[in-house]
Amino acid sequence: MVADLLFTNGPVFTADPLRGPATTVAVRDGRIIAVGADDVRELAGPRTETIDLAGRLLLPGFQDAHVHAVMGGVELNECDLTGTTDLEEYLRRVRAYADAHPGLEWISGGGWAMEVFPGGVPGRELLDRVVPDRPVYLINRDHHGAWVNSRALEIAGIDAGSPDPADGRIDRRPDGTPAGGLQEGAMQLVAKLLPEVTPADRLAGLLRAQTLLHSMGVTAWQDAMLCATNGYPDVSDAYREAATTGRLTASVIGALWWDRDRGAEQIPDLLARRARYSVGRLRSDSVKLMLDGVAENFTAAMTQPYRDACGCATANAGLSFIEPAALREHVTALDAHGFQTHFHALGDRAVREALDAVAAARARNGFRDTRPHLAHLQVVHPADVPRFRALGATATLQAYWASHEPQMDDLTIPFLEPELARRQYPFGDLWRSGTHLAAGSDWPVTTPDPLQAIHVAVNRAHHGSGRAPFLPEQRLDLATALTAYTAGSAFVNRLDDTGSIRAGFRADLVVLDRDVFAAPAAEIGDAAVAMTFVDGRVVHSS
């Protein structure tokens, strides 16, 4: 058998525990046909394309197990506040975007960081200075809060007498007037008034995101929000259009949104959506259940109450968006229908409620191959760490978050009970307990670049930050972190012929610009993707 494509003369990270080192990989018809050393070169023929790795690392394509690709792609075309924590730069960008788009009824976008504002709460007057005449709606980088100006509040009818919704909060001044921040469900009070994003906008956003993700070595992903409700945008039409027309080059798993305002009566709708949104390179057999919020706005569900600015315990331990007894019933029913369950579980109480639900499904249905996974896992109670392995639940890590930064040091640690603060992002404990690890970015919340996340998983600090490691005993070694982002996520995505470099597997491959194993761990973040292949075909080349 003659190879179409041959990689040689470089280290190969196979993410395959059954084989040793390799230096050469042969591909034919989009599949890997041989992995080895010099002997594999014999499969080269006169028409074989040979890629000289020249010492660069070849590895399986990265897979993102939790991302919002269409949302990220759409936001790339809006007012972009990412990449800075300078307030004056935020205001400059908002003014510049408004000036460049005089015909827009609303100014929308986002990416701002809570750490920029006292207490994490932005002021409406700041936006009034730069855009006084049009409504402004800017989502923060974690997408659990929004910054609005006075005109937006006026149009939405939000004033001192407006009640908070059950699933959110209007940030207020001491006199009760709205400050300019909207948390969780309160975002929808304004978001529902924005001009509709068109199907063409969503498709363009998906294709923009796909190009970016391929440039970072991502060959497959799970989008954590298809057919969304509860105020979130529905992006499913973009995926179906791209999949049916052949423009989707990545493999995508759609996680169908669980409407927390409904109950089991929505399961027939989910079954119909699973069929409708499984076409071409798209498969939608996962269900996303959002259990809680985030720690910075005190909505992540914790086992112990948050503290106030003086260090005293409050009456607030966060929100459970789905009542735990109902959650157990819903997850059991979804599991019986063969759905994977994909949980947003950030606080340790939410993690426990998710694991309890998986346990209920296992008890009633037996151990079905549904591969449930829990994303975010900012705080995990030690008693729950071994339950992941016992229940066959995967921990999907957002490794980039496990670092010291102002949002962590100023807005999170001081407000958590100290014992909870010491349990954050316990990657090492999970790994040592035998938990299966996957990885994802949650982009556009943070960078979609797997190499930057892997850098943090290994170093527990952002690349180039100069900050001390955050809970360094929870770091992972490089091979484990790479495996989570390749074979680990492939397992979660149920793409069982991807994620490893082995004969018979699809040739979804990445060439880095260096061998990250040959340099100090502090330099992992210096690496970049040189080439990305899907089914043996180039989808990115630097």
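Quick look at the values:
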read-out	value
Count - residues of the stretch 140-163 that are within 11 Å of Val190 (Cα to Cα) and not acidic (Asp, Glu)	11
Sole exception among (1) more than 20 Å from the chain's Cα centre (by Cα); (2) surrounded by fewer than 16 Cβ atoms within 10 Å (Cβ to Cβ); (3) under 23 Å from Ser320 (Cα atoms) for Gly181, by number	(2)
Condition broken by Gln452, with the remaining ones in (1) surrounded by fewer than 24 Cβ atoms within 10 Å (Cβ to Cβ); (2) under 20 Å from His214 (Cβ atoms); (3) modelled with pLDDT under 95 satisfied	(3)
Single residue of the stretch 432-461 satisfying the filter (in a loop (DSSP other than H, G, I, E, B), out of contact with any strand residue (DSSP E or B) (no Cβ under 6 Å at 6 or more places or on another chain) and hydrophobic (A, V, I, L, M, F, W, C)) that is farthest from Ala521 (Cα to Cα)	Val445
Test: residue in the stretch 108-126 that is basic (Lys, Arg) and outside any loop (DSSP other than H, G, I, E, B)	yes
Residue check, Pro268 part of a loop (DSSP other than H, G, I, E, B), surrounded by fewer than 20 Cβ atoms within 10 Å (Cβ to Cβ) and either in contact (Cβ under 8 Å) with a residue 12 or more places away in the chain or not β-branched (Val, Ile, Thr) (or both)	no
Only listed residue being within 20 Å of Gln407 (Cα to Cα) and either surrounded by 22 or more Cβ atoms within 10 Å (Cβ to Cβ) or modelled with pLDDT under 95 (or both), chosen from Ala468, Ala484, Ala461, Ala507	Ala461
Those residues of the stretch 205-239 which are closer than 20 Å to Ala275 by Cα and part of a loop (DSSP other than H, G, I, E, B), in sequence order	Cys227, Ala228, Thr229, Asp234, Val235
Residue satisfying condition, being outside the structural domain of Glu296 (by TED's automatic domain parsing) and buried (at least 18 other Cβ atoms within 10 Å of the Cβ), within set Gly176, Gly119, Gly111, Gly157	Gly111
Residue within the stretch 171-180 that is of a type outside the set (Asp, Glu), modelled with pLDDT under 95 and in a strand (DSSP E or B) present	no
Positions within the stretch 374-413 being of a type in the set (Val, Ile, Thr) and more than 13 Å from the chain's Cα centre (by Cα), in sequence order	Val379, Val380, Val385, Thr394, Thr412, Ile413
Matching residues, the stretch 304-334, being of a type in the set (Val, Ile, Thr) and part of a helix (DSSP H, G or I)	Val331, Thr332
Sole residue being small (Gly, Ala, Ser), within 27 Å of Asp285 (Cα to Cα) and part of a helix (DSSP H, G or I), chosen from Ala390, Ala375, Ala383, Ala395	Ala390
Qualifying residue in the stretch 133-144 (condition: of a type in the set (A, V, I, L, M, F, W, C), modelled with pLDDT of 95 or more, in contact with a Phe, Trp or Tyr (Cβ under 7 Å, 6 or more places away or on another chain) and in a strand (DSSP E or B))	yes
Answer from Gly217, Gly254, Gly246 - the residue that is buried (at least 22 other Cβ atoms within 10 Å of the Cβ) and more than 23 Å from Ala528 (Cα to Cα)	Gly254
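The values are calculated or read from the model by the stated rules, or taken from the named source; none is laboratory data. Given the structure is predicted, the values throughout are model-derived calculations rather than measurements. In this analysis, Cβ positions are derived from the backbone assuming ideal geometry, glycine residues included, and neighbour counts consider all displayed protein chains.
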